[in-house]
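Taking it in order: structure first as structure tokens, then the write-up.
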Amino acid sequence: MTKLFSVGFWEAIARLILRNRIGIILVVAAATFLFGKQWDKMRFTYTEANLLPDEHSVNLEYNAFLETFGEEGNLIVLGVKDSTLFTVEHLNAWNNLSSSFKNIPEVETVVSISDLQKLVKNTAKQQFDLEPFIKDSISSITQLDQLQEQLFKKYPFYDNFLFNKETKTIRSAIYLEKSIVNTPARKDFITDVLIPSIEEFEDTYDLDVRVSGMPYIRTLNSQNIIDEIGIFITAALLVTSIIFFFFFRSFRATFISMIVVLIGVMWTFGIIGLLEYEITVLTALIPPLIIVIGIPNCIFLINKYQHEVNKHGNKAKSLQRVITKIGNATLMTNVTTASGFATFIITESKLLKEFGTVASLSILGIFLLCLLIIPIIYSFMPMPKDKHLEHLNKRWINRFVDWMEQMVKHRKITIYVTALILLVASIIGIYKIKISGSLIEDMPQKAEFFQDIRFFEEEFNGIMPLEIMVDTKRKKGVMKLSTLKRMNELEELIIETPELSQPISVVSLVKYSKQAYYNGNPKYYQLPTSQENSFILSYAKNSTSDVDLLKNFVDSTGQYARITTFMKDVGTDKMERIEEDLRNKIAKVFPKDRYDVTITGKAYLFQKGTKYLVNNLILSLSLAILLISLFMAYMFRSFRMIIVSLIPNLLPLLITAGLMGYLGVPIKPSTILVFSIAFGISVDDTIHFLAKYRQELRANHWKIRKSVYAALRETGVSMFYTSIVLFFGFSVFVISNFGGTVALGALVSATLLFAMLANLLLLPSLLLSLERSIANKEVLKEPNFRIIPEEDKNNDK
């Protein structure tokens, strides 16, 4: 029986492929057709990436908040900062624009300047009534001046909610129906109703309307992701095909490779559809990744085929040898690359699990396609002409290989010293790395909606909701004066924190009630005393249901209250400081036996998710290194060979991490992926080199030095070609509008470039330096070994 993955095994695979060519092509076509049928199951994500596991305590707290108060990310804000808005015509038009959204089914409610109501004391009925600031519309300049006087000076309840009294910026709030926030209906409303209405208003009145809020940001951001998939696939195909053609100077070889990777992309979309995963910012990267990772497979197989044809001119023998000689190494390289991605599956994050599953399956799929399609297509084609083989004898590539050989022969000390200096510099750089938990940092910074986020941060201190939920542990506990005072104390800290906006809660409403009780005098905008509290609350209880402003701030039982503030886009360090200050204040003000207070909200969730991912990065990278070490152990049965193979692959990762520290690139969900991806891919070159080195050892009767140089000469060209393709292939991500994708592309490209140099210079040097001990290990493992006489060794050297 043929031993699995032995030479005999691959000879049997080669016979199977070349004898059943038509059948295999039909199976591949049928599989591609079936995957194509799954495409209609693909759907684009309508929610943010939840980086935390479902059972994580922060997630459970957030879900408890949603159950009590409903979806919190349903607010869209429109804003204008323009002195010409304060004319009768423009302000009426602004109020009409806001009111026009009220009758749309997707909208729950709209709050604009025209909807603001005065809380007025009705002594006769001992209740509060609501009176609008604007009845119908504004008809005169005098009325407009009165409105400004009242809003900007007399009613602090509304300050920093719908207007900024310092800069005279006005905004309107549109609350979407909570049931549609995470559905396609949200996208339809924003693209088909909201944006056209705003554009029409801007054209008519020559005013610049700013739009923001989580539903709006998510819609435009996901549209950017969708738009970029096509751009990336086109760019990856274009770049890799140009480089491929530059190396091989063959339209035929280029065309065959493009066909293979395009089928690979079709399979990837099929896998996403089959597993019914959503297309997220990460899974959108997989199709171009498959092109970039698939092309090196094509290079190794086609290069080997042309090398064999050049050597003996026998096509059948060449195709047989392509599969037997390169098959095992290509399988190992693809399995190690897939392992780098598959390590994300062990994280508890749904986003990373899906990314790891689709990427690893797609990589194994592209390996199968390359191994089956390339030898079969070449078997139907005529022999390569001399012009197709010219690239094997190019002077510049021979000069490059000569330079590598000279460096490895005569400059080993230089190579080691350079590696050591880079290692020390990298370790210093690693200590400079920061973690970023920003929800918007990776969004397209030149996009209009991103500029609008910055506008609202400047004018209203942010639009990222941060929620604090207070559980009083008893019904109607919220309206007790002791609870209100505690909440007020916490709100004072929020007001003092420059990164947080003016908080909105039941406390503001109770203060407003006291102001109304004292006939609208702004100096009474404060919490009532215990004596005042009873009769002010009796007025509130007698009021009509129209005055029921409590429902957004207090749950129906009166047990739970929420304090809503909005946060500027701050880094993890600042966020942790803010959280620590809030928690210290909460611990001091709210006794644990009487209150449960939780901090939550989308921005908080994302920041905690980033922290969680960083911890998982170390785990997934360690697992990738362990898996790849096991593959090396299987191939070489030598602990020293495992160490030798890992050093040239770990050094580039450390250099990249050091660069991140020096360049100020933070650790965030996008850059976390760099290390596992780069390690999984860079180790491919090591496997190709060591596999060839092992073949040469056997062929050269265990003469190490001769085997190292022979392996360097044959695999050096392919390693150089593939590294250049990977470098430029990953560089296509730099054209992205997303900061995270740009960082991912640039960092993986840089890592792979360092890895190429490490594998071509450091790896052969290490093999030569450790030649005696490795030779002994290899010789003893080989059943048909022959001890080389000492004079033979000297002759070889």
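The values are calculated or read from the model by the stated rules, or taken from the named source; none is laboratory data. Since the structure is predicted, the reported quantities are computational estimates derived from the model, not experimental observations. In this analysis, Cβ positions are derived from the backbone assuming ideal geometry, glycine residues included, and neighbour counts consider all displayed protein chains. For accessibility, only protein heavy atoms count, side chains too; no ligands or nucleic acids. Shrake-Rupley method; radii C 1.70, N 1.55, O 1.52, S 1.80 Å.
Summary table below
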quantity	calculated
Ordering of 20-31, 568-579, 55-66 by burial proxy (mean other Cβ atoms within 10 Å per residue, highest first)	568-579, 55-66, 20-31
Theoretical FRET efficiency, 1/(1+(r/R0)^6), r = Cβ-Cβ of ILE643 and ILE397, R0 22 Å, to 0.05	0.10
Euclidean distance of C-alpha centroids, the stretch 280-304 and the stretch 484-500, integer Å	53 Å
Alpha carbon centroid spacing (whole Å) that separates the stretch 574-608 from the stretch 222-242	42 Å
Rounded, prolate or oblate (a/c below 1.5 giving rounded, otherwise prolate when a/b exceeds b/c) for the stretch 46-136 by Cα gyration tensor	oblate
Net charge of neighbours whose Cβ lies under 12 Å from the Cβ of GLN406, counting Lys and Arg as +1 and Asp and Glu as -1	+2
Normalised contact order of the stretch 99-166, rounded percent, pairs of Cα under 8 Å and 6 or more residues apart	20 percent
The chain: angle of helix 530-542 to the longest principal axis, Cα-based, in degrees nearest 10	90 degrees
Over 22 Å (Cα to Cα) - which of LYS412/LYS706; LYS473/LYS608; LYS353/LYS611; LYS168/LYS514; LYS178/LYS446 fall in this group	LYS473/LYS608; LYS168/LYS514; LYS178/LYS446
With eigenvalues of the C-alpha gyration tensor scaled by 5 and rooted, the stretch 300-340, Å	25, 8, 5
Entries of LYS81/LYS568; LYS81/LYS585; LYS511/LYS585 with Cα pairs more than 29 Å apart	LYS81/LYS585
Ranked by how many other beta carbons lie within 10 Å on average, peptides 293-303, 471-481, 456-466 from highest	293-303, 456-466, 471-481
Overall form of the stretch 249-332 per C-alpha gyration tensor (a/c, 1.5; a/b vs b/c)	prolate
Cα-based helix-to-principal-axis angle, 639-663 vs the chain, degrees rounded to 10	40 degrees
Cα-only radius of gyration and Dmax that characterise the stretch 548-590, units Å	14.0, 40
The chain: relative contact order as a whole-number percent, Cα under 8 Å and 6+ apart	18 percent
Neighbourhood charge, 9 Å Cβ-Cβ cut-off, centred on LYS692 and excluding it, Lys, Arg +1 and Asp, Glu -1	0
Sequence of ASP685, ASP129 from largest to smallest accessible area, 1.4 Å probe	ASP129, ASP685
Accessible carbon and sulfur surface of the chain relative to its total accessible area, %, 1.4 Å	57 percent
Cβ crowding within 10 Å averaged over residues, with 253-260, 589-596, 753-760 ranked highest first	753-760, 253-260, 589-596
Helical contribution to [θ] at 222 nm, DSSP H n ≥ 4, -39,500 (n - 2.57), averaged over the chain, rounded to 500	-21000 deg cm²/dmol
Whole-angstrom gap from the stretch 136-188 to the stretch 419-461, using each part's C-alpha centre	33 Å
Among GLN451, ILE427, TYR416 - extreme Cα towards positive end, dipole of the stretch 413-460, charges at beta-carbon	TYR416
Å² per residue, accessible surface of the stretch 191-331 at 1.4 Å	34 Å²
Cα-centre dipole for the stretch 6-119 with unit charges at Cβ (Lys and Arg positive, Asp and Glu negative), debye to 20	1020 debye
Placed amide H near ILE435: partners under 5 Å, 5+ positions off or other chain	ILE667
Net charge, ILE377 excluded, C-beta distance under 11 Å - Lys, Arg +1, Asp, Glu -1	+2
Rounded if a/c under 1.5, otherwise prolate or oblate - the stretch 277-429, Cα gyration tensor axes	oblate
Listed residue (SER83, PHE300, HIS312) projecting farthest to the positive dipole end of the chain, Cβ model	HIS312
In Å, descending, principal axis extents of the Cα set of the stretch 139-250	80, 32, 26
0 to 90° range, to nearest 10: angle between helix 395-410 axis and the chain longest Cα axis	90 degrees
Estimated Rh, the stretch 623-726: Kirkwood, alpha-carbon pairs, angstrom	15.2 Å
Student exercise, the chain dipole from Lys, Arg, Asp, Glu Cβ charges, in Debye to nearest 20	3980 debye
